[in-house]
Amino acid sequence: MKKIKLLLLAFILLVSTFAAQADEGMWLLQLMKEQNTIDMMKKAGLKLNANDIYNPDSVSLKDAVGIFGGGCTGEIISADGLILTNHHCGFESIQQHSSVDHDYLTNGFWTTSRDKELPNPQLTFTFIDRIVDITDSVKARIASKQITETESFSSIFLDKIAHEFYEKSDLKDKKGIEPQALPFYAGNRYYLFYKKIYTDIRMVAAPPSAVGKFGGETDNWMWPRHTGDFSMFRIYADAKGEPAAYSKNNVPLKTKKHFTISLKGVKEGSYAMIMGFPGSTERYLTASEITEMMKSENDPRIRIRGARQDVLSKAMKSSDAIRIQYASKFAMSCNYWKNSIGMNKAIVDNKVLETKTGQEKQFMDFAKAKNDTAYQNVIGRIDNVTAQNSNLTYQLICLSETFLRGIEFGSPYQIMNHIKSALKEKNDSLLQVNIDMLKIEFSAIHNKDFNQEVDKNVAKVLIPLYAEMIPVGERTNIYQFINKKYKGNYNKFIDDMYANSIISSQANFDKFIKKPTVKAIDKDLATMYSQSKYDKINELKINYEKNNDALNLLHKTYVRGLCEMKLPKPSYPDANFTIRLTYGNVKSYHPRDAVLYNYYTTTKGVLEKEDPNNREFTVPAKLKELIENKDFGRYAMADGEMPVCFLTTNDITGGNSGSPVLNDKGQLIGAAFDGNWESLSGDINFDSKLQRCICVDIRYILFILDKLGGCENLINEMTIVE
């Protein structure tokens, strides 16, 4: 026990020797001093102190950064709660407000007064109020057998301990506070985050998609880039500045911290720092787990999403109404479809498996030198569990990509089952409750962005594709029904389901709720279809979760050993959508022999890429005129050109979209929005030679906002230094 305590102490008090990879790492703010990352950052060019960035007892840069929505980062750029994030992060809200008559996707959205800012139901902005180390409490509960090590990873336990701390804190009666406990370093440490969530978020400005998505899916993950990927929103609060539901009486939030904006620009080697919420990395996987990821996750995702996107693309080209309906869904699907393609390619090109195999050999030598049996056995045990999980993972990915993410249509089968029970029991009150719930579900299915004919065409492609990819004995049982009842004619089954099911149309639905019967539910194809997919998912999850529990414990050992092996170099935990800091420099790169990619792009490239016949590369007439006349105002570079995007060596991933890019003084110089194609294996292995973060230059953002959008009012509320 004494030996373990000493190892954990060494693990916590990691000391830097500056030999660590300077730009790699998604560092925890609360460990900057213990790990001496602040000293490494200063060596890279930072002019601030640790407390300027994160101060648990006072206001710091951390307080100007938050979670935008459910999967992006945003930053505060005025004292009145103005948020800057990416266009693709605000895209769903922009799309929700768009129609054929008010096509903000095509034309952009600009507000010249606050009364025109648009509310967004379900959109939130989340600040991190406080971070608490609860490692000792979790360890004590394991030691006293209140919980097992396996249970310490469970959402049930983590939610329970979070609320226990919350109930004893001075925050328990504060509005908008939600506690969240999470494991770090694969369960070797635990932190509790007190989140302050604002729910009245209004859309303020968004460029046309020809700016915010310039280059479309062709340029996605690619460099050179010319995308003005930004949008702006505002936080509203009650009169006391506390979170409140939307109300006309709410006022812009008087924020305690906002970023100063610098127009001085960047140059090769400039210090760059990013603070945000990276979603997920898996840097501590073994070679066998990476192989499983390629074959069991990425390969089926690529195939199924590609098939669905072909259907959506054709439909979107046929109608502006359908284009607007499916714009956000298509973009979200394409993003990680292309990412999966690029990741598999980069794993091979960058020899990631060979690197991991070398790391494992090094670890085995370390374990043998220590004569540590647990360390010596852990990789082999991980490989064994991974082999057992491989087919389960493949099946679950095929199920989710086909029936959960791919095909939208389906019955709320659980409510249908409750209605059946109520009918059999002749329980009128229970029946009415569930009929009312069914009405809500019907409205949710037939929302303004659901096109039944498009979705039916998707189903006609994906349902047969799933049958190609999954052996007969492993498919959902709806396939047995189709083979027996429809003689394997998928299209006939799909036509019948979309035409005749209870939830297929208002007429069918009204007929059912007027006189619900058990027979109607038993015959309903959508209910049978939905029940079968969830039955299969639940069946697979039993063994998958059992194996996952085993992997959690094995990774806890492996990660602890890897961090110990690296000492005295500091180690960072995998990303898990908690606030992190990454530092680096503005830098060009060589993607391949004889090719050099410069660190920045200009509006010259916008016109060079222009193609009026390709929606991805159209240039708005007004923007073209501004560029041709070099009407850039104070936002131009010293040579008179207008910068668009730039590259840094910062370590980012999904979730960092919209993150503030800061200079050595902590001033805003851009917004992160993408990674580069050559390093898409970066989530599992950082490559300092190739990995780059693509950022939109703050000068281009302000130029578009001012000259194209005419939003001088927004420019005037920012703090800008020349």
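Name the residues in segment 365-387 that are in contact (Cβ under 8 Å) with a residue 60 or more places away in the chain and surrounded by 16 or more Cβ atoms within 10 Å (Cβ to Cβ), would you? Across segment 365-387, the qualifying residues are Phe366, Ala367, Asp372, Tyr375, Val378, Ile379, Arg381, Ile382, Asp383, Val385, Thr386. Would you please name the residue that is surrounded by the fewest Cβ atoms within 10 Å (Cβ to Cβ), looking only at residues in segment 422-475 that are among the β-branched types (Val, Ile, Thr) and over 27 Å from Pro516 (Cα atoms)? By that ranking, first place goes to Val472. Tell me, please, whether a residue that is among the acidic types (Asp, Glu), modelled with pLDDT of 95 or more, closer than 16 Å to Ile261 by Cα and touching a strand residue (DSSP E or B) at 6+ places or on another chain (Cβ under 7 Å) can be found in segment 665-681. Looking through segment 665-681, none of the residues is among the acidic types (Asp, Glu), modelled with pLDDT of 95 or more, closer than 16 Å to Ile261 by Cα and touching a strand residue (DSSP E or B) at 6+ places or on another chain (Cβ under 7 Å).
Filtered by the rule that a residue be surrounded by 19 or more Cβ atoms within 10 Å (Cβ to Cβ) and part of a loop (DSSP other than H, G, I, E, B), segment 476-497 gives a lone residue, Thr476. Do you know which residues across segment 26-39 are in a helix (DSSP H, G or I) and either of a type in the set (Ser, Thr, Tyr) or crowded, with 21+ Cβ neighbours inside 10 Å (or both)? Listed by number, the residues that qualify are Leu29, Leu31, Thr37, Ile38. The single residue among Thr255, Thr260, Thr199, Thr218 that is touching a residue at least 60 places away in the same chain (Cβ under 8 Å), β-branched (Val, Ile, Thr) and in contact with a Gly (Cβ under 7 Å, 6 or more places away or on another chain) turns out to be Thr255. Small (Gly, Ala, Ser), in a loop (DSSP other than H, G, I, E, B) and under 20 Å from Gln122 (Cβ atoms): does that describe Ala245? So Ala245 fits the description; yes.
Selection of segment 90-123 for residues being touching a strand residue (DSSP E or B) at 6+ places or on another chain (Cβ under 6 Å) and among the charged types (D, E, K, R) yields only Glu117. The set of residues from segment 100-120 being more than 14 Å from Ser209 (Cα to Cα) and within 26 Å of the chain's Cα centre (by Cα) comprises Glu117, Leu118, Pro119, Asn120. Scan segment 123-160 for residues that are small (Gly, Ala, Ser) and more than 28 Å from the chain's Cα centre (by Cα) and the total you get is 4.
Taken residue by residue, segment 226-237 has at least one member that is within 20 Å of the chain's Cα centre (by Cα), at pLDDT 95 or above, among the hydrophobic types (A, V, I, L, M, F, W, C) and within 30 Å of Met343 (Cβ to Cβ).
For segment 428-444, a residue qualifies if it is of a type in the set (A, V, I, L, M) and either out of contact with any helix residue (DSSP H, G or I) (no Cβ under 7 Å at 6 or more places or on another chain) or not assigned by TED's automatic domain parsing to the domain that holds Phe409 (or both), and the qualifying residues are Val433, Ile440, Ala444. For segment 398-420, check the following and say yes or no: at least one residue is hydroxyl-bearing (Ser, Thr, Tyr), out of contact with any Phe, Trp or Tyr (no Cβ under 9 Å at 6 or more places or on another chain) and modelled with pLDDT of 95 or more. There is at least one residue in segment 398-420 that is hydroxyl-bearing (Ser, Thr, Tyr), out of contact with any Phe, Trp or Tyr (no Cβ under 9 Å at 6 or more places or on another chain) and modelled with pLDDT of 95 or more.
Scanning segment 100-132 for residues that are loosely packed, with under 15 Cβ neighbours inside 10 Å and either in contact with a His (Cβ under 9 Å, 6 or more places away or on another chain) or of a type outside the set (Lys, Arg) (or both) yields Val100, Asp101, His102, Thr112, Ser113, Asp115, Pro121, Gln122. The requirement of being under 30 Å from Tyr54 (Cβ atoms) and crowded, with 21+ Cβ neighbours inside 10 Å is satisfied by Val586. The set of residues in segment 622-639 that are without any contact (Cβ under 8 Å) to a residue 12 or more places away in the chain and closer than 15 Å to Lys707 by Cβ comprises Glu625, Asn629. Residue count for segment 311-331 under the criterion of being without any contact (Cβ under 8 Å) to a residue 12 or more places away in the chain and under 18 Å from the mean Cα position of the chain (by Cα): the result is 0. Give the residue, chosen from Ser340, Ser333, Ser400, that is within 29 Å of Asp219 (Cα to Cα), surrounded by 15 or more Cβ atoms within 10 Å (Cβ to Cβ) and touching a Leu at 6+ places or on another chain (Cβ under 8 Å). So the residue among Ser340, Ser333, Ser400 that is within 29 Å of Asp219 (Cα to Cα), surrounded by 15 or more Cβ atoms within 10 Å (Cβ to Cβ) and touching a Leu at 6+ places or on another chain (Cβ under 8 Å) is Ser333. I'd like the full set of residues that are surrounded by 16 or more Cβ atoms within 10 Å (Cβ to Cβ), out of contact with any Phe, Trp or Tyr (no Cβ under 7 Å at 6 or more places or on another chain) and either basic (Lys, Arg) or not assigned by TED's automatic domain parsing to the domain that holds Phe403 (or both), limited to segment 528-545. The answer is Lys536, and nothing else. Taking (1) closer than 22 Å to Glu712 by Cβ; (2) touching a Lys or Arg at 6+ places or on another chain (Cβ under 8 Å) in turn, Trp110 satisfies each apart from (2). Of all the criteria given as (1) buried (at least 21 other Cβ atoms within 10 Å of the Cβ); (2) closer than 25 Å to Phe686 by Cβ; (3) basic (Lys, Arg), the one not satisfied by Lys566 is (1). Looking only at segment 43-86, filter to residues that are in contact with a Gly (Cβ under 7 Å, 6 or more places away or on another chain) and part of a loop (DSSP other than H, G, I, E, B); which one of those is surrounded by the fewest Cβ atoms within 10 Å (Cβ to Cβ)? The selected residue is Gly71. Name the residues in segment 212-243 that are surrounded by fewer than 19 Cβ atoms within 10 Å (Cβ to Cβ) and closer than 28 Å to Arg114 by Cβ, would you? Once the filter is applied, which keeps residues that are surrounded by fewer than 19 Cβ atoms within 10 Å (Cβ to Cβ) and closer than 28 Å to Arg114 by Cβ, segment 212-243 yields Asp238, Ala239, Lys240, Gly241, Glu242.
For (1) closer than 30 Å to Asp173 by Cα; (2) among the hydroxyl-bearing types (Ser, Thr, Tyr); (3) touching a Pro at 6+ places or on another chain (Cβ under 9 Å), each residue gets a yes or a no:
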position: Lys195; (1), (2), (3): yes, no, yes
position: Ser209; (1), (2), (3): no, yes, no
position: Gly216; (1), (2), (3): no, no, no
position: Trp223; (1), (2), (3): no, no, yes
position: Tyr236; (1), (2), (3): yes, yes, yes
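The values are calculated or read from the model by the stated rules, or taken from the named source; none is laboratory data. Everything quoted here is computed from the prediction, not taken from an experiment. So basically every Cβ, Gly included, is an ideal-geometry build from the backbone, and we count neighbours across all protein chains shown.
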